[in-house]
Amino acid sequence: MKKKTLLLCALAASCTLTSVSGGELKKAWQTIAERTVFDASVHSSHVKKLLSAQKPDGSWPDIRYQDTTGDKWDPSRHLANLRILAAAYRKKADPGILDAIERGMTFWGKGAFLSSNWWQQQIGTPIALSRIFFLLGDQTSPSMLASAKLYFERAGFDQKSTGQNRIWMATIQLYRGIFYDEPERANLGRGVLNDAIVRAEPGKEGLQADGAYHQHGPQLQFGNYGRHFFVDNVSLVQLLDGTSLALAPEKAALLADYWSNGVRWVIHRGNLDLNACGRYVGIGTEKRLGEAYQKAVKVLRKVRPDCPESEITSGTKYFASSDFLVHRRPDYYVSLRMCSARVIGSETVGRENLQGRLMGNGMIQIRRDNQEYRDIPQFWNWRRLPGITAPQKGGTEELRCPGCWKKEAFYNESGLVGGLSCNGMAVTMQELKHGNFQAKKTAFFLDRYLVFLGSSISAGSATTINSCFFRGPVVIFPESAGNGPGRLHGVKSILHDNVEYLFPDGCKVELEPFERTGRWSEVIGYLSSRNARGKLFTLTIPHEKEGAGYFYVVRPVADDGSKADFKRLKTSSPEIHAIADSVSGTVLAAFYVPGYAELPDGKRLKMDNPCCAILRNGKLLAAEPGKTAVQMNFPVGKQKGETENERR
């Protein structure tokens, strides 16, 4: 009794809505049951197989019920089977199916099964049970509820929980109140939900001001926790709408905003960008997560018909709270993922994303049809991810991210990371520091091309320009540079899959052998350990000397008739990178140190602090790392050489 009292006290401060009675809970259950749908096909052959394989005691012979594994907990398949049977019974009220569910629930209750993963006890199991009971509706028997009660009692509410974990826990308390006729618990669970489905305060986990979602610290999580935040809460809003447990109307509006100003940016042709998937980098991830978001949008539009359904077609956005940028055009998509002393670049949890620690070192995705990287992680060299700069020596264990609660999770010790977007153009800056390794990386995003500049890079490292699937011939210019794979010297351009890589000053690059062997178990431990073969195009700039740099340009659509028409500007320091776009006249710059860039008209753009800057039509927009952009009029300055009146 004391434990229950403490739980309700922990929840009480969150409850401000009108309370409901026991009778209203029964009506709410009925309404939710009527609206609940099974989100997959139910095939009669599969149902027959489950029924014939089930043992008299309600178990299935192929499930390892004594398994306590943390990530892929085998006993959870028992509840998945029951859910399929519940969906089948929903379609056709067959007494045999209901009896199978009854026996399955009795077995589950007696087993009191446990996983070493806290999430399975606190969240996964009670959520799975809830879905079964909502599919069954008033056919849920008292004995089924009795068998499940232990699992709901284990699912206490952690007052320190944050983000989507807090929402899941509150949802379970709401459902428990409905199933076991506990109005007080249902009211308080709903109260926490109303308080939790909000935009997070600065520095807190949850929905960010920039439209992204953070969980496990300041870490971009569109793919896992952000997806659950949207999909699960859209379902809650729709299921509870019009009932006595309905959530506040502004919750649907908030979810619509998250989709409109966040998720829509990272879905390309129905697929969620791998750069935004978090630690979920397994088989079919992009398609599966993209479809989950799109299904949820259709549900949300039942409540919010003004919510847009399509993804963003064209535009550029820098997610300032997340060190992340998206640059879109109708015929291509580019994203850039960074990390800093403020933002965690990646995580390893359980056996997921075993080698992904360097993903925040500037990983880039250049997409047109989404085939460039589909299921590619099994073949990647994780020190040569597309776009990153990283040391090339070290063991595999170093690529595993430590727990997000540890200081070591922040791979980058530098706070000089930021970005700025304006009028469809953008500039990002990233200083990398970790141990003895360092680098300064700048990327400029213009309408039809991308410019990359690097400096102060440690010896023994490399910058990978791209690592995608090999598709079609590779054309190298000039021919004297070599015909690859291998080391190429004095390269001016390389064309592959209609993407052109330009090296204005000539460059030494390495084109890796195309044939690759890999296995999924090295990426996600519980996936297949079978060797697979693939062909990759991996183009890298080696950095053999201390203080090295790079300068290259990418045209994502080589045959569009455009050209990379820009000028690299002179600066007062190698730690200032600046260009001027010849078409629009826009100047873009990254200042890692105070100083100036010489403009095409002879004036100077001077900054007293590290920042990104965009100068266009006499308007200057500047943003210091981690801070909001500031706009100002660019002064009519003195000609170069007259430094006494240089002005910001």
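The values are calculated or read from the model by the stated rules, or taken from the named source; none is laboratory data. These figures come from a predicted structure and were not determined experimentally. In this analysis, Cβ positions are derived from the backbone assuming ideal geometry, glycine residues included, and neighbour counts consider all displayed protein chains. SASA here: full protein model, heavy atoms, side chains in, ligands and nucleic acids out. Shrake-Rupley method; radii C 1.70, N 1.55, O 1.52, S 1.80 Å.
The charge dipole of the chain, taken about its Cα centre with unit charges on the Cβ of Lys, Arg, Asp and Glu (plus for the first two, minus for the last two), comes to roughly 580 debye.
Taking the charge dipole of the chain about its Cα centre, with +1 at Lys and Arg Cβ atoms and -1 at Asp and Glu Cβ atoms, the residue from 40, 596, 52 reaching farthest to the positive side is 52.
Go ahead and run the numbers for FRET between residue 528 and residue 393, Cβ-Cβ distance against an R0 of 35 Å, rounding to 0.05. Don't skip to the answer; put the middle values down first.
Details: r = 29 Å, r/R0 = 0.82.
For residue 528 and residue 393, the calculated efficiency is 0.75.
In this calculation the C-beta distance from residue 24 to residue 250 is compared with R0 = 25 Å, giving a FRET efficiency of 0.65.
Work through the residues other than residue 128 whose Cβ is under 12 Å from its Cβ and net out their charges, Lys, Arg +1 and Asp, Glu -1.
Working: positive: 77, 83, 131; negative: none.
Value of the local net charge: +3.
A cut-off of 5 Å between modelled amide H atoms, ignoring neighbours fewer than 5 places along the same chain, links residue 470 with 535, 536, 537. Shown in residue order for region 325-339 are the 3J(HN,Hα) couplings computed by the Karplus curve 6.51 cos²θ - 1.76 cosθ + 1.60 at θ = phi - 60°: 9, 10, 10, 10, 9, x, 10, 7, 9, 9, 9, 9, 10, 10, 9 Hz (x for Gly and Pro). Solvent-accessible area of residue 72, all protein chains in place: 120 Å² (probe radius 1.4 Å, heavy atoms, ligands and nucleic acids excluded). Along the axis of the charge dipole computed for the chain (Cβ charges of +1 for Lys and Arg, -1 for Asp and Glu, origin at the Cα centre), the listed residues 504, 98, 178 are led at the positive end by 98.
Rounded to a whole number, what % of the accessible area of the chain do carbon and sulfur atoms account for, probe 1.4 Å? Write out the running numbers ahead of the final one.
Details: 13320 of 26230 Å².
Here it works out to 51 percent.
Quick check on packing: order 528-537, 308-317 by the mean number of other C-beta atoms within 10 Å, highest mean leading. Intermediate results must be reported in sequence, preceding the final value.
Details: 528-537: 13.5, 308-317: 15.1.
Most protected by this proxy first, the peptides run 308-317, 528-537.
For the pair region 152-169 / region 187-224, the C-alpha centres are spaced 14 Å from each other. When the chain is described by a simple charge dipole with +1 on each Lys and Arg Cβ and -1 on each Asp and Glu Cβ, the residue from 259, 490, 390 located farthest towards its positive end is 259. The three principal axes of the Cα atoms in the chain give end-to-end lengths of 85, 52, 43 Å, sorted in falling order.
Probe of 1.4 angstrom, ligands and nucleic acids ignored: what's the accessible area per residue over the chain, in square angstrom? List each step's numbers first, then the result.
On the way: 26230 Å² over 648 residues.
Result: 40 Å² per residue.
So which trypsin sites (Lys or Arg not before Pro) in region 90-134 pass both tests, a DSSP loop state and at most 14 other Cβ atoms within 10 Å of the Cβ?
Details: sites: 90, 91, 92, 103, 110, 131; in loops: 92.
Qualifying residues, ordered by number: 92.
Of 393/492; 535/567; 393/627; 91/298, which pairs sit farther than 32 Å apart, going by alpha carbon to alpha carbon? Listed pairs above 32 Å: 535/567; 393/627.
So for each of 603-610, 79-86, 360-367, 195-202 I average, over its residues, the number of other beta carbons within 10 Å; can you give me the resulting order with the highest mean first?
Details: 603-610: 18.4, 79-86: 22.1, 360-367: 25.1, 195-202: 15.5.
In decreasing order of mean packing, 603-610, 79-86, 360-367, 195-202 become 360-367, 79-86, 603-610, 195-202.
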